[in-house]
Structures are given as C-alpha cells and as structure tokens.
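See below for the structure under consideration.
The values are calculated or read from the model by the stated rules, or taken from the named source; none is laboratory data. From a predicted model like this one, the values you see are computed outputs, not experimental measurements. Cβ sites come from the backbone with ideal geometry, for glycine too, and all protein chains shown count toward neighbours.
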Amino acid sequence: MNIVLLGAPGAGKGTQASMLEERFGLAHISTGDIFRANIKGGTPIGKVAKSYIDAGKLVPDEVTCDIVKGRLCEEDVKGGYMLDGFPRNLFQAQELDKFAHIDLCINIDVDINLLMDRICGRRVCSCGESYHVTTLNGATTCKKCGSPLYQRDDDNPETVGKRLDTYFKETQPLVDYYKKQGKLFTVKSGKQPPSEVFAVIAAELGKRVGK
Ligand code: AMP
C-alpha cells in the first residue's frame, strides 16, 4: 500500500508515520527529513534547500521531485511506503502520479488555532521522534534513543506563519485532488493524543490491508 500523508505543518504527520511504520511495515519517506540530512551533510542539495526552508517557502519542484523519484527506486519501498510532506502542491501531485501509484491519501485535519503552539513547542530527535515541551517535564533527551532533543530552526513563530500560509495556498488544494480520485481518507485530529488519531487511521488501514 502506497500512501500520501497530507496535513498542515504540526498536524502530526511525522508522529503518525512513525507509528504506522512500526505497525504496518511501510517505509517512511519524509522530504523534510531528507532536506535536513542534506543540510547537515553540507551537500549541494542542502545548500539550495536551506534558504527556502529558512524562509518558510517550498524548495523548488524539480529538486524535490527528483529526490522523491530517486528514493522510490530503493529496495525498502517495495513493500509499500508513506510519503510525509510530499506532494505539497498540485504540480508535485501530478508529477508523482507519473512515476508512482498512490493507493490512499490520509489527510490529518487539525484546527489551525492549535498549530502555532504545537510547532513552536515542538522538540525533535535525530531518530525521528518528536515531543512537545509541555509533556517533557524538563527532559532534554529522547525517551526512545536517549539522544539530545533540539528545536528545528524553522520552528519559530515568524517562519511557522509563512509555512502555514504556504500550506493553505499551495498544499490544501490537494485534499480536493485526492478526493476527486476517490483516494481520500480524512481523520480529524484535535486535542486528543496521537494514539487516538493513530487508532482511527490504523483501523482504516487494517480494513484495507487485512492487518
Ligand atoms: P517538513 O519537515 O515536512 O515540515 O518540511 C520542512 C521544510 O522542507 C518545508 O517547510 C519546505 O521548505 C521543505 N519541504 C519539505 N517537503 C517539501 C516539498 N514536498 N516541496 C517543497 N519543499 C518541501
């Protein structure tokens, strides 16, 4: 099963993807994580991506589509995958349909008023786990792997404002794109814990893949 995870920044796509990876064995492909790894490694892609990410803008489509196209040729995606953060506009969605077959789009729908606080309070680990300061009780290391937690450079109020604008202008129209294709499953995520959102998604996926 090949899945697109859709949702605003802070909707919990990464958190759900980690849980789904564990339960259903689907490869988790996050374009944001790929860009951050390239920035850390000082690669040419990282150098291009950094200025866009810092400005809360989308990295150019050609760069992003090429990365995803290459990633989908790797061995671990053969048993199914989840795209987290791709596609992010109509062009990317149309390109994706040319080089991949998507079975399902899971749209995590969150009240916009919750997003700013969620993202600015987010602390992440290099292993992919993410937390909110209010639930960390002062802890500074990851409960899963023990590595130090940090705040992403783009998780500050100014950049988050721009990322949310970009989401509403460019990415949200994809809800309709996948609805028209008959592939949309929307889960409403409010203040309930991620485990409850996961239960809804896992029940739906379970029906489709028989797990
Ligand atoms: P994320 O980790 O998904 O929040 O992505 C962080 C940043 O990476 C975004 O704000 C964009 O600047 C960039 N990015 C991630 N995915 C894409 C994409 N599909 N297209 C363009 N830029 C992207």
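Given the condition over 14 Å from Ile106 (Cα atoms) and not aromatic (Phe, Trp, Tyr), answer yes or no: does some residue in region 81-88 qualify?
Keep residues of region 81-88 that are over 14 Å from Ile106 (Cα atoms), which gives none.
Checking region 81-88: not a single residue is over 14 Å from Ile106 (Cα atoms) and not aromatic (Phe, Trp, Tyr).
Could you look through region 179-203, keep only residues that are touching a residue at least 24 places away in the same chain (Cβ under 8 Å) and charged (D, E, K, R), and pick out the one that is farthest from Ile119 (Cα to Cα)?
Restricting to residues being touching a residue at least 24 places away in the same chain (Cβ under 8 Å) and charged (D, E, K, R), the top hit is Lys183.
Mind checking which pairs have a first residue in region 29-47 that is small (Gly, Ala, Ser) and a second that is within 13 Å of the ligand (Cβ to nearest atom), Cβ under 6 Å, 6 or more apart or different chains?
Between residues of region 29-47 that are small (Gly, Ala, Ser) and residues that are within 13 Å of the ligand (Cβ to nearest atom), the close pairs are Ser30/Asp84; Ser30/Gly85; Gly32/Gly85; Gly46/Asn38; Gly46/Ile39.
Go through (1) on the phi < 0 side of the Ramachandran plot; (2) surrounded by 15 or more Cβ atoms within 10 Å (Cβ to Cβ) for Ala199 and report which single condition fails.
Condition (2) is where Ala199 drops out.
Just one of (1) surrounded by fewer than 20 Cβ atoms within 10 Å (Cβ to Cβ); (2) touching a Gly at 6+ places or on another chain (Cβ under 8 Å); (3) modelled with pLDDT of 95 or more trips up Phe35, so point out which.
Single failed check for Phe35: (1).
Sort out which residues of region 146-171 are of a type in the set (S, T, N, Q) and touching a residue at least 40 places away in the same chain (Cβ under 8 Å), and write them in order of number. Reasoning before the result, please.
Going through region 146-171, the residues of a type in the set (S, T, N, Q) turn out to be 147, 151, 156, 159, 166, 171.
The answer is Thr159, Thr166, Thr171.
Anything in region 1-37 that is in a strand (DSSP E or B) and closer than 19 Å to Lys162 by Cα? List them, or say none. Quick ask: steps written out before the conclusion?
Of region 1-37, the ones in a strand (DSSP E or B) are 2-7, 27-30.
Selection gives Leu6, Gly7.
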